[in-house]
Amino acid sequence: MTVVGAGVVGSAVARELARYPALRTALVDARDDVGDGTSKANTAILHTGFDAVPGSLESRLVRDGSRLLAAYAADCGIPLERVGALLVAWDEEQLAALPALAAKARRNGYDDTVLLDAAEVRAREPRLGPGALGALAVPGESVVCPWSTTLAYATQAVRAGTDLHLNCRVARVDQVTGAAGHHVLTTDRGTLRTRWLVNAAGLRADEFDLLLGHRDFTVRPRRGQLLVLDTPARDLVRHILLPVPTALGKGVLVTPTVHGNVLVGPTAEDLDGPDAKDDTATTAEGLEGLRAQGARIVPALLGAEVTAAYAGLRAATGHEDYRVRAHPAQRYVTLGGVRSTGLSASLALAAHTLDLLTGAGLDPGPSAALPPIRVPDLGRTAERPCVRADLIARDPAYGTLVCHCERVSLGEIRDALDSTVPPVTPDGLRRRTRARGGRCQGSHCGAAVRDLLRRAGGTPT
Amino acid sequence: MNTSSTSTDTNDSTSDSPSGRSGGTGGTHRDVDVLVVGAGPAGLAAAARLAALGAGRVEILEREREPGGVPRHCFHRGFGTGAESVDGPAYVGRWTAAAERAGVRLRTGVTALGWTGPLTLATTGPDGPAEVSARAVVLATGARERPRAARLVPGTRPAGVFTTGELQQSVYLYRQDVGRRAVVVGAEQVSYHAVDTLRRAGVAPVAMVTEYERHQASPAHATAARLRYGVPLLTRTTVTALVGHGRLAGVRLRHSDGRTTTLACDTAVFTGDFVPEHELARDGGLVLDPGTLGPAVDMSFRTTRDGVFAVGSLLHAAEPAGTAAREGVLAAVPVLAHLAAVPGTHRAAPVPVRVDAPLRWIAPNLLATATARQPFVLRTARFLDRPVLQVAQDGRVLHHERLRGTAVPNRTVGMSAAWVRDVDPDGGPVRITVLGTTGGTPTPTEPPAADGGTDTP
Ligand SMILES: Cc1cc2nc3c(=O)[nH]c(=O)nc-3n(C[C@H](O)[C@H](O)[C@H](O)COP(=O)(O)OP(=O)(O)OC[C@H]3O[C@@H](n4cnc5c(N)ncnc54)[C@H](O)[C@@H]3O)c2cc1C
Ligand SMILES: Cc1cc2nc3c(=O)[nH]c(=O)nc-3n(C[C@H](O)[C@H](O)[C@H](O)COP(=O)(O)OP(=O)(O)OC[C@H]3O[C@@H](n4cnc5c(N)ncnc54)[C@H](O)[C@@H]3O)c2cc1C
């Protein structure tokens, strides 16, 4: 069995398959780290699916995935905060649209929405800008750490026996037909023979499909730029503040993060051209627009320092649902068009993929319990190692701070470098520890961090 | 007068804890007379002076392994004055030695995390979490340069993007390879230090870029970079994007006439644009000055919290280390006065001092006493030729002053403090306004300055 793509989706699938010891599974990715594509650059919201297209596959998988991931996060120590969302209406038209959204939520199996009038909105979100006429509260919406999630899936899969191959782009797929039929994958790191194949290639799922002769959909990347605001802004925002949705997706929102920042974004820009799938650049218009829109929603955000800006690419296909399809004759499943809810749906998508595979004839054999894992809790509410007397007494490295802005100790960096899926770049290390992820962006600790990575054998470019 | 160890100890146990009680974080608790946070020039000088004047147990916390602050990684000469000018490590080596001689207890590798009482700080280090209570706290936590993202520079997020501080650490402390061709963003004093550091690391500085019409450094430095090292200065030019995946491939520029170019480079250094390292001040609820963003202080370095003082780059960044150290020395007197004062002595609400654009900030920015210990320092956002400054309170003009020469952005402008005695302690804020300037202040619509080559090198 081979899963192509170690984003949040492919990693979740590999983890699901890792429950079956008789399956030999490889998880391959072109990049040097898991979750280094779209999965590292999103808005980090665990959606309930309240606003999905009722009856769609996405609606069901987001709803189920949301519950599964919340439970999984609690098991593994993935930071998650159930802050709830407010869909804020800024004009009469938006206000009038709220009851329909509540009805749609019910059709998506979500019954807990509450309509709030202007005074109630202000009471719940005191820093909201002037002009909010009302809101639909969605208390089940949460924020989660996207990096820990992918990392937890991949770590658990690898500990259960999955082979993880990074820097391993699949360039070609050849079919060997017949009873012992299999696929021969030509990769950057040699050939890989596999009987079963899962396409979780994200933005490139269409291109990968083509390698197997399918032209079911085309991915047209939809860029989303985001601003990360410094931690003092966190006190200004209590909920995920969603706009009332428009034709172009979910629109710009303001949300707290589990790490203690505030995000403003994402934009929605359809990109074309040969390099579109790599175009994760932010733009001047994008960033200025986000600052202005953020300040309209919560005016006090204008005074906040910007910690980082980034862009992610949604794998849009022009269809209002995922493009998930099994090709039983090829023993092949495509997970395409997982656009803007893949983090939320990941665990349910993985379970669904297993169903599709068994439906196509896979006999996975008996299942075994996955080895339990814990990931470092990087959440703002967690007690960081640097304040734990017991830990530091055992190992002073936990009291030796390297990254001052995010209070990351030498012990945590060393643990990440020694881990099951170790980072090889400063950015990989940042996603595991938050080192260099704070307001100074490595001004103070960047050189020290690169030195630690170099000594661990990484490529600290 | 001093009871504690005189050595630089990173791993002392807390067995000498005077009170022995446990802190809120499960660690230990200590009491000292004066706690200084930050062992840069300002903190070292303050602690050395205080210990020498008999302040009692004086302790410095420094989060880095070595004391010294920024000069620790400044391997160029220019610290101290004239013939006595030395490089950064030598300069702070002297202050460290002075502090140790005076009996200061220097605790490196220890970070002050936040406040657990009005004069109590939570700390951590290899010995674990602890609380330190003091009778006076001196904040000397310095400043940092705004990184690329905080300046809202768009584009990709490649490797090879530094601030001067990170560049210097990479080159001097870790001997890392920092690239081949570099663009330096900024043309103030520190930007020229970045050029020097790049050259010493074997990196070709291909251009300096500034949005201003001229550089903002000393003429000697600027001339040397341009003529001797051949580094062109692109004035009135904005960095509009970084390009490249993995490693930086270039910076996109827009000149004042609207033309755009892309300079190929694998390194970019964002210099200057300092912000104070004010997290501790903010966490403690001290009032921050809206201009400097550091804690608001009066002429005795007193913040808005009784017993908490602030000195150095935290108040006004990027001045010579000697200025920061001098402030540390000057602050010793009011700190001692505080230690000697009867607790709970009434302190009148200070009068804030504010500036109007194009001025950016002034320090000190609170007036609590009618005695001036030091002149004011100001910053301007524009070049101002021999500007006339007016000082007024509640519409009453207190003072006029024509500054000599040109006030240059990113450089300190001094102003006399003689008018302070005329301030009404019960009045409103004092406002400093620019009344006019002699000569023209070039605006971005005028042709570029003579040294503003706009060609791509
Ligand atoms: C701006 C933005 C905001 C979002 N916000 C949210 C949110 O709040 N909540 C939410 O649930 N979802 C959100 N999403 C959506 C979510 O991030 C995605 O749905 C999810 O990350 C998709 O994961 P993936 O594994 O399919 O894709 P990816 O993470 O892109 O993984 C695909 C992987 O396949 C690899 N690959 C491709 N081709 C090959 C090949 N030929 N050989 C080997 N490897 C290959 C790539 O290197 C890549 O690592 C957001 C997305 C964006 C862009
Ligand atoms: C690139 C560069 C070149 C320069 N060149 C010159 C020159 O040639 N000549 C010259 O005279 N001046 C020069 N300067 C200016 C000079 O370095 C500064 O004026 C001086 O360092 C300011 O001293 P300071 O003590 O206020 O702050 P800093 O030197 O910044 O020291 C602050 C210290 O506080 C510590 N700290 C911060 N927060 C905490 C905490 N929470 N807990 C514990 N410790 C903490 C920091 O680790 C740091 O060591 C240069 C500055 C730069 C950036």
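Here is a yes/no grid of residues against (1) touching a strand residue (DSSP E or B) at 6+ places or on another chain (Cβ under 8 Å); (2) without any contact (Cβ under 8 Å) to a residue 40 or more places away in the chain; (3) not hydrophobic (A, V, I, L, M, F, W, C):
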| residue | (1), (2), (3) |
| --- | --- |
| B:LEU234 | yes, no, no |
| B:HIS245 | no, no, yes |
| B:GLY250 | yes, yes, yes |
| B:ALA264 | yes, no, no |
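Does B:THR261 satisfy the condition of being assigned to a helix (DSSP H, G or I) and either more than 13 Å from chain A (Cβ to nearest Cβ) or within 14 Å of ligand 2 (Cβ to nearest atom) (or both)? Lay out the reasoning, then the answer.
On the way: assigned to a helix (DSSP H, G or I): no; either more than 13 Å from chain A (Cβ to nearest Cβ) or within 14 Å of ligand 2 (Cβ to nearest atom) (or both): yes.
Against the criterion (assigned to a helix (DSSP H, G or I) and either more than 13 Å from chain A (Cβ to nearest Cβ) or within 14 Å of ligand 2 (Cβ to nearest atom) (or both)), B:THR261 does not qualify.
The set of residues in region A:282-321 that are touching a Lys or Arg at 6+ places or on another chain (Cβ under 6 Å) and under 27 Å from A:VAL9 (Cβ atoms) comprises A:ALA311, A:LEU313, A:ARG314, A:ALA315, A:ALA316, A:THR317.
Go through region A:427-450 and give me each residue that's on the phi > 0 side of the Ramachandran plot and either within 11 Å of chain B (Cβ to nearest Cβ) or outside any loop (DSSP other than H, G, I, E, B) (or both).
Those that are on the phi > 0 side of the Ramachandran plot and either within 11 Å of chain B (Cβ to nearest Cβ) or outside any loop (DSSP other than H, G, I, E, B) (or both): A:ARG436, A:GLN441, A:GLY442.
Looking at A:ASP64, A:ASP29, A:ASP75, A:ASP91, just one residue is more than 14 Å from chain B (Cβ to nearest Cβ), more than 16 Å from ligand 2 (Cβ to nearest atom) and at pLDDT below 95, and that residue is A:ASP91. In region B:177-185 there is no residue matching the filter, namely being surrounded by 20 or more Cβ atoms within 10 Å (Cβ to Cβ), at the interface with chain A (Cβ under 9 Å from one of its Cβ atoms) and under 20 Å from the mean Cα position of the chain (by Cα).
Scanning region A:155-185 for residues that are away from ligand 1 (no atom under 16 Å from the Cβ), open to solvent by 20 Å² or more (accessible area, probe 1.4 Å) and assigned to a loop (DSSP other than H, G, I, E, B) gives A:ALA160, A:GLY161, A:THR177, A:GLY178, A:ALA179, A:ALA180. Take the conditions (1) buried (at least 18 other Cβ atoms within 10 Å of the Cβ); (2) away from ligand 2 (no atom under 15 Å from the Cβ); B:LEU315 misses just one of them, which is (2).
Filtered by the rule that a residue be aliphatic (A, V, I, L, M) and part of a loop (DSSP other than H, G, I, E, B), region A:1-28 gives A:MET1, A:ALA6, A:ALA18, A:ALA22, A:LEU23.
In the set A:GLY303, A:GLY294, which member is touching a residue at least 60 places away in the same chain (Cβ under 8 Å), small (Gly, Ala, Ser) and over 20 Å from A:ASP270 (Cβ atoms)?
Within the list A:GLY303, A:GLY294, the selection yields A:GLY294.
In the set (1) surrounded by 23 or more Cβ atoms within 10 Å (Cβ to Cβ); (2) within 16 Å of ligand 1 (Cβ to nearest atom), the condition left unmet by B:THR156 is number (1).
In this structure, B:GLU166 does not qualify as within 8 Å of chain A (Cβ to nearest Cβ), in contact (Cβ under 8 Å) with a residue 60 or more places away in the chain and under 18 Å from the mean Cα position of the chain (by Cα). Screening the candidates B:VAL269, B:VAL195, B:VAL203 for the property of being within 16 Å of ligand 2 (Cβ to nearest atom), within 12 Å of chain A (Cβ to nearest Cβ) and open to solvent by less than 40 Å² (accessible area, probe 1.4 Å) yields one hit, B:VAL269. Residues that are farther than 11 Å from B:THR96 by Cβ and near ligand 2 (Cβ under 6 Å from one of its atoms) within region B:59-75 comprise B:LEU61, B:ARG63, B:GLU64, B:VAL70, B:CYS74, listed in sequence order.
Quick grid of which residues meet (1) touching a residue at least 12 places away in the same chain (Cβ under 8 Å); (2) within 25 Å of B:LEU336 (Cβ to Cβ); (3) within 16 Å of ligand 1 (Cβ to nearest atom):
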residue	(1), (2), (3)
B:ARG57	yes, yes, no
B:PRO67	yes, yes, no
B:PRO71	yes, no, no
B:ALA83	no, no, no
B:ALA90	no, no, no
B:ALA112	yes, yes, no
B:ALA140	yes, yes, no
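Within region A:382-426, the residues that satisfy the criterion of being part of a helix (DSSP H, G or I) and more than 8 Å from chain B (Cβ to nearest Cβ) are A:PRO385, A:LEU391, A:ARG394, A:TYR398, A:LEU410, A:GLY411, A:GLU412, A:ILE413, A:ARG414, A:ASP415, A:ALA416, A:LEU417. Checking region B:373-389 against the condition returns a match, with at least one residue being modelled with pLDDT under 90, open to solvent by 40 Å² or more (accessible area, probe 1.4 Å) and of a type outside the set (S, T, N, Q). Comparison of B:ALA224, B:ALA281 shows that the only residue that is away from chain A (no Cβ under 11 Å), at pLDDT below 95 and not in a strand (DSSP E or B) is B:ALA224. Can you go through A:ALA135, A:ALA105, A:ALA96, A:ALA152 and tell me which one is of a type in the set (A, V, I, L, M, F, W, C) and surrounded by fewer than 19 Cβ atoms within 10 Å (Cβ to Cβ)? That would be A:ALA96, the only listed residue that is of a type in the set (A, V, I, L, M, F, W, C) and surrounded by fewer than 19 Cβ atoms within 10 Å (Cβ to Cβ).
Would you check if A:VAL8 is over 16 Å from A:SER344 (Cα atoms), near ligand 1 (Cβ under 10 Å from one of its atoms) and open to solvent by less than 40 Å² (accessible area, probe 1.4 Å)?
no
Every residue, every condition in (1) under 18 Å from A:SER39 (Cα atoms); (2) open to solvent by 20 Å² or more (accessible area, probe 1.4 Å); (3) more than 13 Å from chain B (Cβ to nearest Cβ); (4) out of contact with any Gly (no Cβ under 6 Å at 6 or more places or on another chain), yes or no:
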{"site": "A:PRO274", "(1), (2), (3), (4)": "no, yes, yes, yes"}
{"site": "A:LYS277", "(1), (2), (3), (4)": "yes, yes, no, yes"}
{"site": "A:GLY286", "(1), (2), (3), (4)": "no, no, no, yes"}
{"site": "A:ALA311", "(1), (2), (3), (4)": "yes, no, no, yes"}
{"site": "A:ARG325", "(1), (2), (3), (4)": "no, yes, yes, yes"}
{"site": "A:TYR332", "(1), (2), (3), (4)": "no, no, yes, yes"}
{"site": "A:VAL338", "(1), (2), (3), (4)": "yes, yes, yes, yes"}
{"site": "A:THR341", "(1), (2), (3), (4)": "yes, no, yes, yes"}
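The residues of region A:292-309 that are buried (at least 18 other Cβ atoms within 10 Å of the Cβ) and within 13 Å of another protein chain (Cβ to nearest Cβ), listed by number, are A:GLY294, A:ALA304, A:VAL306, A:THR307, A:ALA308, A:ALA309. With respect to the stated conditions, A:VAL254 is more than 16 Å from ligand 2 (Cβ to nearest atom), more than 14 Å from chain B (Cβ to nearest Cβ) and assigned to a strand (DSSP E or B). Taken residue by residue, region A:28-42 has no member that is more than 17 Å from the chain's Cα centre (by Cα), among the small types (Gly, Ala, Ser) and more than 9 Å from ligand 1 (Cβ to nearest atom). Examine region B:410-420 for a residue that is open to solvent by less than 30 Å² (accessible area, probe 1.4 Å), modelled with pLDDT under 95, in a helix (DSSP H, G or I) and not small (Gly, Ala, Ser), and state whether such a residue exists. Yes. With the checklist (1) farther than 23 Å from A:GLY10 by Cα; (2) among the basic types (Lys, Arg); (3) in contact with a Leu (Cβ under 8 Å, 6 or more places away or on another chain) in hand, flag the one item A:ARG234 doesn't pass. Here A:ARG234 clears every test but (3).
The values are calculated or read from the model by the stated rules, or taken from the named source; none is laboratory data. Every value quoted in this text rests on a predicted model; they were computed, and no experiment measured them. Neighbour counts run over all protein chains shown; Cβ positions are idealised from the backbone, glycine included. Side chains included, ligands, DNA and RNA excluded: accessible areas come from the protein's heavy atoms. Shrake-Rupley method; radii C 1.70, N 1.55, O 1.52, S 1.80 Å.
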